[in-house]
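The values are calculated or read from the model by the stated rules, or taken from the named source; none is laboratory data. Since the structure is predicted, the reported quantities are computational estimates derived from the model, not experimental observations. Glycine also receives a Cβ, built like all others from the backbone with ideal geometry; neighbour counts cover every protein chain displayed. With ligands, DNA and RNA removed, areas are computed over all heavy atoms of the protein, side chains included. Shrake-Rupley method; radii C 1.70, N 1.55, O 1.52, S 1.80 Å.
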Amino acid sequence: MRYADGARAAAPRTVWNMTAHDAGSHGTTLLSTIMPDRRFPFPKSLYAVEDALRFFVKHKPNAKVLDFFSGSGTTAHAVMRLNRQDDGRRQCISITNNEVAAEEQAALRKSGLRPGDPDWEQWGICDYITKPRIKAAITGKTPEGKAIDGDYKFTDEFPMAEGFEENAEFFTLTYETPVAVHHNLAFQRIAPLLWMRAGAEGSRIDELPERGWAVADTYGLLVDLDRSAEFCDAVHAHAGLRIAYIVTDDDRRFQSVARRLPDSVEPIRLYESYLSNFRFSMGR
């Protein structure tokens, strides 16, 4: 084929100069092996992402990797591979929406479904691809419960069915009303954020404590300020705490508790930060 000016047309050349970085073989095909009946457009090569991350976190075994557009979950998968190679404890925070492909949306709307319906959301990128892929990588089993065929290649070769010694937890973003938050009525939905703010490690406080305070592995929560002496004693006795969340509208009482905490523990007043962000985002 020739253009009007006589120039000869040529087929585009690949930019992948390493076999391990080929997105066809180690992106699309690998994803099909892990989830045989599910498709995702143009997933990256697992090993290309692994090699890219290695440049920055090879000597950081406790690094936190933030992936704002996680798509098929390749970055989280690559972090697992790196951890296995050097017994690292790196974390990957993967963020994605649950968008449904345009062609699938049309069919779902004809069926009378709308965004938010469970039968609609199950086809979204997060519920249909990202979460199942991460779970399959960890367990070594396809979403249908079958052992994954084939082996990982290159730097660390082993059967995919072995999986990884990793943990994963999935959260869905919600918007809570400031009134509910202010009156401490949305704690269960906010609890994961407090845990993540403290490092996303160890145990988590999921319920308001009956005794008015609680201490987890990396943070503590004080709800009843009349029990602050007990709380401060528990914080001093618990090595490894990073944050103390104190629920109060009274800044003087907050400061009084904060002064009694160890210097290594950061005091945070709830729910001032959340409500301030809400007012800012609403333009008030």
Of the residues that sit in the stretch 222-243 and are in contact (Cβ under 8 Å) with a residue 24 or more places away in the chain and either over 16 Å from residue 260 (Cβ atoms) or in a loop (DSSP other than H, G, I, E, B) (or both), which one is most open to solvent (accessible area, probe 1.4 Å)?
-> 242
Polar (S, T, N, Q), in a loop (DSSP other than H, G, I, E, B), modelled with pLDDT of 95 or more and farther than 26 Å from residue 249 by Cα - does that describe any residue in the stretch 160-175?
-> no
Scan the stretch 159-191 for residues that are closer than 30 Å to residue 35 by Cα and either surrounded by 16 or more Cβ atoms within 10 Å (Cβ to Cβ) or in contact (Cβ under 8 Å) with a residue 60 or more places away in the chain (or both) and jot them down.
-> 160, 163, 164, 165, 166, 168
So residue 212, is it open to solvent by less than 20 Å² (accessible area, probe 1.4 Å), touching a helix residue (DSSP H, G or I) at 6+ places or on another chain (Cβ under 6 Å) and under 25 Å from residue 254 (Cβ atoms) | yes
May I ask you to say which residue of 156, 206 is open to solvent by less than 40 Å² (accessible area, probe 1.4 Å), in a loop (DSSP other than H, G, I, E, B), farther than 24 Å from residue 37 by Cα and among the charged types (D, E, K, R)?
-> 156
Do we find a residue being within 23 Å of residue 52 (Cβ to Cβ), part of a helix (DSSP H, G or I) and more than 19 Å from the chain's Cα centre (by Cα) anywhere in the stretch 99-118?
-> no
Only one residue in 140, 145 is touching a strand residue (DSSP E or B) at 6+ places or on another chain (Cβ under 7 Å) and modelled with pLDDT of 95 or more, so which one is that?
-> 140
Single residue of the stretch 192-203 satisfying the filter (assigned to a helix (DSSP H, G or I) and touching a strand residue (DSSP E or B) at 6+ places or on another chain (Cβ under 9 Å)) that is most open to solvent (accessible area, probe 1.4 Å) = 197
Give the number of residues within the stretch 38-64 that are in contact (Cβ under 8 Å) with a residue 60 or more places away in the chain and assigned to a loop (DSSP other than H, G, I, E, B).
-> 2
Among 75, 96, the single one that is closer than 21 Å to residue 35 by Cα, of a type in the set (S, T, N, Q) and not in a helix (DSSP H, G or I) is 96
State yes or no: is residue 186 farther than 19 Å from residue 168 by Cβ, touching a helix residue (DSSP H, G or I) at 6+ places or on another chain (Cβ under 9 Å) and at pLDDT below 95?
-> yes
